[in-house]
1. Can you give the helix-only mean residue ellipticity at 222 nm for the chain, where every DSSP H stretch with n ≥ 4 adds -39500 (n - 2.57) and the sum goes over all residues, rounded to the nearest 500 deg cm²/dmol?
2. What does the extension gain come out to for residue 271 and residue 822, with contour length at 0.36 nm per residue minus their alpha carbon separation?
3. Which one, 293, 918, 169, is farthest towards the positive end of the dipole of the chain when Lys and Arg carry +1 and Asp and Glu -1 on their Cβ?
4. Rounded, prolate or oblate, given the Cα gyration tensor of the range 614-711, with a/c below 1.5 counting as rounded?
5. May I ask for the equivalent-ellipsoid semi-axes of the range 870-1079, computed as the square root of five times each C-alpha gyration tensor eigenvalue and listed largest first in whole Å?
6. Antiparallel versus total DSSP beta bridges in the range 339-582: what percent is that, nearest 5?
7. Below 8 Å between Cα atoms, with a sequence gap of 6+, how large is the relative contact order for the chain in percent?
8. Which ³J(HN,Hα) values in Hz, rounded to whole numbers, follow from the phi angles of the range 626-641 under the Karplus curve 6.51 cos²θ - 1.76 cosθ + 1.60, where θ = phi - 60° and Gly and Pro get x?
Amino acid sequence: MQPVFVSDLSFEGQGKKFTLNLRKGDKVFEFSTNYIENYPLIINTKSLDEAKKASWKLEAIINDRIDDDFLIEVLDYNLLELEMDKHSFKELQEKLPNWLKERFQEKYKPKAIWEIGRHRKVELNNSLESILEENFELNSDMSDLRWGLRNFYHDDMKKEYDSWNDKISYLMDKKDYERINSELEEFIPERSIRKNIRTYLFELLYTRLIGADELEETNRNKRNANNIITDVFAKAVHFKYEKNILSEVKQLLKEKEKKEYNKEIKSLRDKILTNISSLEKKTKRINKTNYATIDFERLKTNLYLNIMSREDKKIRIEGLEFKTKNDKKERLSFEELKQLPSAFFDIEKFQFGSIFEQISHCGLRIINDNQERIIDTIRKHKDTQIDDYEVRSEEWEHQAIMNTAKTLSDANPFLIHVFNANYDLKQYKDSLTFLLGTREKPPRKEATIEKSSDGTDFMGRYGLLNGEIIDSYKFINIYSPHLLQRRLEIFLKNTFEKSGDKRNWKKSINYEQGRENDILSTDVVSKNPEKRAEAFKRSEANLFYTKEDVEQLAEASKTVHGEAMLEDILAVRNAFNISLTQITSLATTVRNYIEQKFYEGHGKFLDIDFFREEKRDEIKKFKNNYTSLKLKTFKNQGLKLYPKQNVYDKIYQYYFSPEMNIALSIPPWFREVNDFIKETIELDDPERQVGRLQYVRNLFIPMLSEYTTLRKKKENIIETLNNNKFINDLENKHPLNKLFLSLKKNVKEDKEISIDIFDREIRYFFNQFYSQEIDMKDSKTKGVFKQLRSYKNRSWFFQELWITRPFDIENFIDETFKKAADTINYSKAEPVHLSGKFVFCKKEIPQQEASKAGLFKLREIPIYKYGKDKIAYYADEKYSNCPSRKIATDKYSLYEIELLNEVMDSIFEKDYKTTFRMIGNKARKLRNLERTIKEDNGFAEKLLFRVRSRNSYKSSKISDNKVEQFEFLEDQKHKFEPDEYYYKGLFFGKLFGSFEYLEGDIADKYKLLSLDSRITELITGFYPLTPEKRTKQTSIFGYYSNHKPTQLYMELLNSESEKEQDKIITGMMEFVKNINTLPLTNKHVAEFSEVKKHSLVY
């Protein structure tokens, strides 16, 4: 028997009624009901007696204004709670004075989720289930009616598409772009369609016309430009018809239609009207306030049932029982979840960033009774199948998108798996035609994260109505922090390997091949039979690529590790009460749990200040410093480091989770988290343990951030007490000054005084201040007083929020780091490096002792230690210190990527002669840029940087001693000519360290040789270099430095032939032999030895 569970809840629509969505298999039952809420009211009273009197006063105020039922309860000396129907409360709010209405707290949806629980199982009685079934069928029929009208107008729309195709082809031949724009103006004048749709179409047309004007003159470009411009008009036709269809559906349902329709449409309309009338009567028989009507605006039913009440403050719904098991909310289980329909999809934009950018393909696999496998595309294919996938080809982009949406809506999957859902769902949302469910809703943006520097928002969160998104890309970024790459291939390889599956799947084609295939596939209309054959071949390659991404992702989900990850996701849901969409998109959403526990503990909501920008900035700053704080705290607790520049053949990489033991040390108010951690420790898979602990980490980061903020405030106060001239003025007889001097005497100048003692002194200060009733007037130390008050308030709030004192956290941190340091030291693991969340050790730590100390071994790898405490290692098909893909990034050109990967290969092979040879060869090519480009047509493109989010390319040039950056799209890439002054000067210097070829004022900003460049820093692990300043005598007669190894390196960069280069390398190798295993310099050792000052605890 299929379970029924709460899939969603909301307070939306007219009157913002409480709406529950219950799922049973592929059906979603929706109904609204009344809602009785408990409203916290914070009052300015100082005793329970005063609070009780305030409750009587509030009762009188309410009785004077409304006649509805309500209940007032005193929760604390300064907190009341009003229980009242939501509709009545809204009416009351309109009649209350502002000073009172602003004191009530409201958080309807979060609180309802806390009370009910994510995916809470329910049991329905027969009467309620029958009503919900009928309502579901009604909404399905209304959706079918809309699709019936779409099919009714299909042929008419096809004629309009063809008409516009002919007209646009004619105008494009004449390049009459102005007339094309005028045609769209005439076809969709203002108010003919929705404003946002009209704006979208004109912006799309403008972008495409600009692009068309810059294309190379070829028959293919001309044909494809015609198509892409006509596509805008095809969309306009679609949106005009959609507006009319919506209007006609309303007319049909009101029995006011003005046209004659086929028998099927009229029969379906009559069925809907009969059934809504029957449902209305059935609901009225239960309660006269119930109703079932048609919402003509949203084209759905309005089913309202007045069946909600509260008992002992808990939500009760007549005919529906929220299930519990062992005093815990009973939620949808893993096995039950697997029985629900699910889907996997992936879109492709093979010409992303060009004028021809469209969603050209979407692969879709539905796992249900029908096991559908489909590819929707706007490209032609000879057959209607590729392997076991059905190929549905359409002429226009919006048609293909609507086909995908219709298939998903019909299947109504609960889990929707997407690799990088943010991207795919944003593209679908922006298309305005991807509408799901009987209500035809687009993807909804649920959260916006701070945008990247280029203005993109890849880190937001999108969701779908009545479904949960499993975003494998973002999830693996959270769950597997040790993976150096989170591409689909790496994710699948890791999942298959951990499941004992030896398949080594690789994508059939790369990005550039996919783009080329898509361009050539448009030749299916060519009159040349060879071109047509090649076009179909290319089309098939892209179809195969589309389906294999979806198929492999679906296969991975069924593996042992794939299912284990889903179990872990559900465990996070159970512990933190957040949705699967939230869990797999952003780990910080576990902080909703803090809100829930605060409300459960105090009967009121967290103050809005907790979510302000200032708090987020504090947390962000703390996270940026967390690595260095952990290192220094480790040192304080006696961890011995063994830093030595070298290539190590075997190093053990451990994940360190201080948050785990800190969480277990806190009193068990966070019971769900404690249980979650204990379950995690019992697992025998370190990668799963680490994955689950990421959510614990993100829960406690705000606590550690707040603790360090308090400690910093303490230090600032002590500094102020000792340096403020008014406090230290003995002639100042103001009573406040006496208190400050007393506080100063007790805390002295000891910034390392424990928070426990400091807190006690601050409390004593304020007790004295209030008991003496000191008047602040004429005091010159009001600023210091504000400092103390800020500290006192934050210290108090810390304890309110975390149910523990800052002093206890100080001890927990001490104990946690000491336990880990002792475990590492006693096992003689010899850590060589600490980085972020990881500890790299020469020897293995016994597993049981390691996990108790919060240390989890992830893998064994060779590493290279170099520069100022940097390491590099190869894992997950890339080096940790440079990109791996054969595609440029916004920070690395392809030229740099190729060099750095080759250099890293030779370093790990300890073939330093080859390392130097590569550096010499690459430097020579760049110095002789003009000749290199003549000999290698593709070399110039290798110097470009790529902004992947926009699929644009960027470069720089130096003009008037200023660096100017410029950017262009894919279609203009072939025109790029590199600026020699920039590439031989600044680009060369940032890569190889030598800025010898820079001239003018800009040259004064750079040394002759910098050790911070990519190559110079990299080779310092085995070759000694010294930085060199620029002088007037620089490079005269080839002299650069009196430090022989540095001189030789500069000569290598300037070598003119391989013969000269090899001679220089022979000299360089003498120094490699002498420095390969030398320890770090005294300066680096001193950096590692820095103590106490900035650690997490003293």
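Every number in this text was worked out from the coordinates using simple rules, so none of it is lab data. These numbers were taken from a predicted model, which means no experiment stands behind them. Cβ placement follows ideal geometry from the backbone for every residue including glycine, while neighbour counts extend to all protein chains displayed.
1. Mean residue ellipticity, 222 nm, calculated: -16000 deg cm²/dmol.
2. Full-extension gain reported as 190.8 nm.
3. Toward the positive end, the furthest listed residue is 918.
4. Taking the square roots of the gyration eigenvalues as a ≥ b ≥ c, the range 614-711 is oblate.
5. 28, 22, 15
6. Of all bridge pairs located within the range 339-582, approximately 60 percent are antiparallel.
7. The normalised contact order for the chain reaches 9 percent.
8. 4, 4, 5, 5, 5, 4, 5, 5, 4, 4, 4, 8, x, 5, 9, 9
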